[in-house]
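Report on the following structure.
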């Protein structure tokens, strides 16, 4: 592994050439389009939505949701459902789905293989993997994730992480529809901010995949409310290219607080040769699932979404072209833009408008 100081110098030197690599990646994405649908915008930002292939009829009642899908309580194994999701995503102007992944044998992994990939193959939408760290490792969220500790089945957490990335490399990372930046497949790793002793395992992943000719672009879900000075910058500098926030819930005067934290994260990341990938969301309401004492973020008929986009757009540009939407279909937390009985297709249309504004700057 390259020492942190040396790697920092390399990253800073590479930053000047990042624009060329990103432009090449966008051209690659466009060139691999296979269907007569709107192609991703060349020379502009790439916008993706978090996508969850984990729905089945019983889940809708076992884990209550905030709104009702226009498609009803669907199964993520239904290819017609996923094909409609892909059509809506392209109508909204999305370039890719960021697909939640827990395991090769679980419901989500199977649905990715049998429903999501066939639908994507018939469009020009791309996909990337969201590695759901605590769920993938069978650990509770919200607690430290110790990569040196044994899991309930006795396997060391870091070893299981490496096994999972071997599978991702085998199955997805060379797929023609996989999202790449500068030729590097993109993977978002969830809750990096909770990882402990993770550096050796992530380095092993990089080394093993490099031996197969795969150079990852890793995005760390590390942006939350902790001061940036307290982050594990050694892990981030050594192993990741960008940092992001999945969901900034919650602070009073929410959008002003988010903008302040994004600015601090962006500055700290750039000082280390990294970049911030901002997220946006249309609202938040998990009260049916987690109780009425939870604070809901009102959508305000789309105004909240518009204001979130305006602040996030500050952090999107030629040297950092990604923006992530939380979410396309996370119904349990009420962040979905997928059409519903409550809002119709308003958030598909609004997303298309906002993406157009972003690309026309």
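Bear in mind that the values in this text are calculations on the coordinates, not laboratory data. It should be emphasised that the depicted structure is a prediction, and the values quoted were computed from it without experimental measurement. Don't worry about glycine lacking a Cβ; one is built from the backbone with ideal geometry, like all the others, and counts go over all protein chains shown.
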The alpha-carbon center of region 44-112 and that of region 320-356 are separated, in whole Å, by 12 Å
Contact order relative to length for region 166-259, counting C-alpha pairs under 8 Å separated by 6 or more residues, stands in percent at 28 percent
The whole-number value in µm²/s of the Stokes-Einstein translational diffusion coefficient for region 207-274, with Rh from the Kirkwood sum over alpha carbon pairs at 4 °C and 1.567 mPa s, is 98 µm²/s
Ranked by GNM mean-square fluctuation in the chain (Cα springs under 10 Å), the top entry among 284, 250, 131 is 250
Heads up, region 46-159 by the C-alpha gyration tensor (a ≥ b ≥ c square roots of eigenvalues; a/c under 1.5 rounded, else a/b over b/c prolate, else oblate) looks prolate
Normalised Cα Rg of the chain, dividing by 2.2 N^0.38 Å with N its residue count, works out at 0.93
FRET efficiency (residue 197, residue 349; Cβ distance; R0 51 Å; to 0.05) is 0.65
A correct Kirkwood calculation over the Cα atoms of region 140-197 returns a hydrodynamic radius in Å of 13.1 Å
Out of 115, 265, 148, a Gaussian network model of the chain with alpha-carbon springs under 10 Å gives the largest mean-square fluctuation to 148
Dividing the mean separation of Cα pairs under 8 Å (6+ apart) by the residue count of the chain yields a relative contact order in percent of 22 percent
Each label sits 7 Å from Cα toward the beta-carbon; between residue 301 and residue 341 the label points are separated, in nm, by 2.3 nm
With the 8 Å Cα cutoff and a minimum separation of six or more residues, region 241-288 has a relative contact order in percent of 53 percent
per DSSP, antiparallel bridges as share of beta bridges in the chain, % nearest 5, sits at 20 percent
Inter-part gap, Cα centre of region 184-202 to Cα centre of region 242-277, in whole angstrom, is 18 Å
Length gained if residue 360 through residue 204 is fully extended, taking 0.36 nm per residue and subtracting the Cα-Cα distance, is 52.0 nm
Contour minus Cα-Cα span, residue 80 to residue 319, at 0.36 nm per residue, comes to 82.3 nm
